[in-house]
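Enquirer: What follows is a structure written as structure tokens; I'll ask about it next.
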Amino acid sequence: MRHALRLIVVALLAALFGLVALPGGVAGAAAPSRATGDKPVIRVGTEGVYPPFSFHDATTDDLTGYDIEVIKAVAKKAGWKLEFVETTFDAIFTALESKRIDVIANQVTLNPERKAKYGLGTTYTYSRGVIVVKTGVKGIKTLKDIKGKVAAESITTSWADVARKAGAKVQAVEGFSQAAALVEQGRADLLINDNIAALDYLNTTGSKGIEIVGNAGDEVSEQVLAFRKSDTALLAQSNKALAELKADGTLAKISEKYFKTDVSVAGGGAADLSGGRKQRSDLEVTKDAAGPMFKKLLIVTIPITAISFAIGLVLAVAAALARISGNKILSGIAQSYISIIRGTPLLVQLFIVFLGFPRIGITLSPWTSAILALSLNVGGYAAEVVRAAILSVPKGQFEAASTVGMGYWKTLRRIVFPQASRIAVPPLSNTLISLLKDTSLLAVVTLTELTRQAQFAAANSQAYLPLYLLAALYYWVVCVGLSSVQGRLETRLNRFVAT
């Protein structure tokens, strides 16, 4: 029976690593389709939290914005079918390099470093960088004034580079709205960003807490679509489409819709965003966001939590049994697995699975990547819980089972596991609850779950407090439900305890 147990553990570990490594398994199946009918599928990377360029409509929750309409127009001319992939800007170029996306449509500023590394298209937006500070702050007007100051920026943007070169200390944020919040709260001294984004923010939120105090240099910035250097065909198709869109007036029409001027040509005039998206109260924002947030809770957060915990629990049992087995090889493998998982952050594990694996030819879908990383994480942490619970059962019960003819596996199933389960339930419930909350990190694998959906709404409104309180309420209600199930399960398992 011990031999059978070892075979089971080996099979479980082999299945786990086979999920990642086999060319014909999940890795192969998860590769995105590149064609639908006669049209190639082009995956577009964008933030979704950068109005007016890329954001979600407050009432319909549809992805929209200037950049979104431009890339849709390009796709229509080029004969592409688009698939939008939303992620943070700081992860967007890594996603491009790892072939998670094919093009970035998110106000990518043309600069020599990017031109050398990526395939950059023709310019479709001309704008200026501006310096934004808390209203009433004195002493900051130009780039010369920001040396030693704290600038809130997305760290991989060209604006962050401008701030660094001017001597500012960059504080990392995920988007413009977060940067504006830090400046308004006095947690950062300034932010540098596109003048159009700043004007849209002031117009939409009605904020009086920040103000534009000057230009970030005299240069006009140019924004382009970004492709991989090797995708010369896509780049050529994009450039041809943009030339046609400029010639037939489509690009100017899109620009006029958002900015009341043509920002697609140099010197097209100052953008005017007054009368654009309406200001809304916090109550209206929260009411509109409640439905989409609840939907993401039901269709993304809870299913991924449930699947990952189930797989992770199997891994935990296998690792625990391997650790307490007499086989040094199995025990060593299990100890190494547990040590690696417990010694590295979950966020790093997500990055490795989603963005690192494609570099070695393993491309998993966002859902598969999320479930794999979370399952491995749960397995590593829960293994010690399961091991401790098994060891808490007196050894005498193994001996008693042996005297009545029970084999090792049957003893585990009929005697040990029922008693160990009662001891393991409380800490495993904590692991499950932690897992539920850990799904808030899944934006890095381009999944839109509950927290990311709240960020979409916050980017449009600055209503951080009510939106994140609503997200907290959703998480809390689910956690209360899980705690209730835990109590019932403990009561049920009490029947295995001798009185």
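The values are calculated or read from the model by the stated rules, or taken from the named source; none is laboratory data. Just so it is clear, the structure is predicted and the values come from calculations on it, not from any experiment. Please note: Cβ atoms are built from the backbone with ideal geometry, for glycine as well, and neighbour counts cover all protein chains shown.
Enquirer: Does residue 368 qualify as being among the hydroxyl-bearing types (Ser, Thr, Tyr) and not in a helix (DSSP H, G or I)?
Expert: Spelling it out, it is not the case that residue 368 is among the hydroxyl-bearing types (Ser, Thr, Tyr) and not in a helix (DSSP H, G or I).
Enquirer: Follow-up. So which of 158, 230 ends up being surrounded by fewer than 24 Cβ atoms within 10 Å (Cβ to Cβ), hydroxyl-bearing (Ser, Thr, Tyr) and in the same structural domain as residue 97 (by TED's automatic domain parsing)?
Expert: None of the other options fit; the residue is 230.
Enquirer: I've got another one for you. Can you tell me which residues in segment 365-399 are surrounded by fewer than 15 Cβ atoms within 10 Å (Cβ to Cβ), touching a helix residue (DSSP H, G or I) at 6+ places or on another chain (Cβ under 8 Å) and at pLDDT below 75?
Expert: Correct list: 397 only.
Enquirer: Further question on the same structure: If we keep just the residues of segment 440-470 that are assigned to a loop (DSSP other than H, G, I, E, B) and among the hydroxyl-bearing types (Ser, Thr, Tyr), which is surrounded by the fewest Cβ atoms within 10 Å (Cβ to Cβ)?
Expert: Ranking the candidates gives 448 first.
Enquirer: Follow-up question, since we're still on this one. Restricting attention to segment 165-188, which residues are crowded, with 23+ Cβ neighbours inside 10 Å and in contact with a Lys or Arg (Cβ under 8 Å, 6 or more places away or on another chain)?
Expert: 168, 183
Enquirer: Could you say which residue among 141, 115 is among the basic types (Lys, Arg) and in a loop (DSSP other than H, G, I, E, B)?
Expert: When all the criteria are applied, what remains is 141.
Enquirer: I need the full set of residues from segment 342-364 which are surrounded by 18 or more Cβ atoms within 10 Å (Cβ to Cβ) and outside any helix (DSSP H, G or I), in order please.
Expert: Within segment 342-364, 362, 363, 364 meet the criteria.
Enquirer: Please name all residue pairs, on different chains or six or more residues apart, with Cβ atoms under 7 Å, provided the first residue is in segment 336-347 and is assigned by TED's automatic domain parsing to the domain that holds residue 324 and the second residue is among the aliphatic types (A, V, I, L, M) and surrounded by 13 or more Cβ atoms within 10 Å (Cβ to Cβ).
Expert: Short answer, once both residue conditions are applied: 337/319; 338/319; 338/383; 341/376; 346/441; 347/441; 347/444.
Enquirer: Of the residues 238, 339, 255, which is farther than 25 Å from residue 128 by Cα, assigned to a helix (DSSP H, G or I) and among the polar types (S, T, N, Q)?
Expert: The match here is 339.
Enquirer: Can you spot a residue in segment 232-246 that is closer than 18 Å to residue 201 by Cα and of a type in the set (S, T, N, Q)?
Expert: no
Enquirer: Step by step: first the residues of segment 444-499, then only those that are of a type in the set (D, E, K, R) and over 19 Å from residue 429 (Cα atoms), then the one that is modelled with the lowest pLDDT. Which residue is that?
Expert: It comes out as 495.
Enquirer: Consider residue 210 carefully, then state whether it is modelled with pLDDT of 90 or more and within 25 Å of the chain's Cα centre (by Cα).
Expert: no
Enquirer: Residues being farther than 11 Å from residue 58 by Cα and at pLDDT below 85: count how many of those fall in segment 267-291.
Expert: Of the residues in segment 267-291, 12 are farther than 11 Å from residue 58 by Cα and at pLDDT below 85.
Enquirer: So if I check each of 153, 97, which one is among the acidic types (Asp, Glu) and closer than 13 Å to residue 192 by Cα?
Expert: 153
Enquirer: Right, something else. I'd like the full set of residues that are touching a residue at least 40 places away in the same chain (Cβ under 8 Å) and either under 19 Å from residue 461 (Cβ atoms) or crowded, with 22+ Cβ neighbours inside 10 Å (or both), limited to segment 66-77.
Expert: 66, 67, 70, 71, 74
Enquirer: Is there any pair linking a residue in segment 239-258 that is closer than 23 Å to residue 52 by Cα to one that is surrounded by 18 or more Cβ atoms within 10 Å (Cβ to Cβ) and of a type in the set (Ser, Thr, Tyr), with Cβ under 7 Å and at least six apart or on different chains, and which?
Expert: That search, which allows pairs on different chains as well, returns 242/124; 246/264; 251/124; 251/264; 252/264; 254/66; 255/264; 258/66.
Enquirer: Let me ask another. Kindly provide the set of residues from segment 201-227 that are surrounded by 17 or more Cβ atoms within 10 Å (Cβ to Cβ) and out of contact with any strand residue (DSSP E or B) (no Cβ under 9 Å at 6 or more places or on another chain), ordered by number.
Expert: Residues satisfying the conditions are 203, 204, 205.
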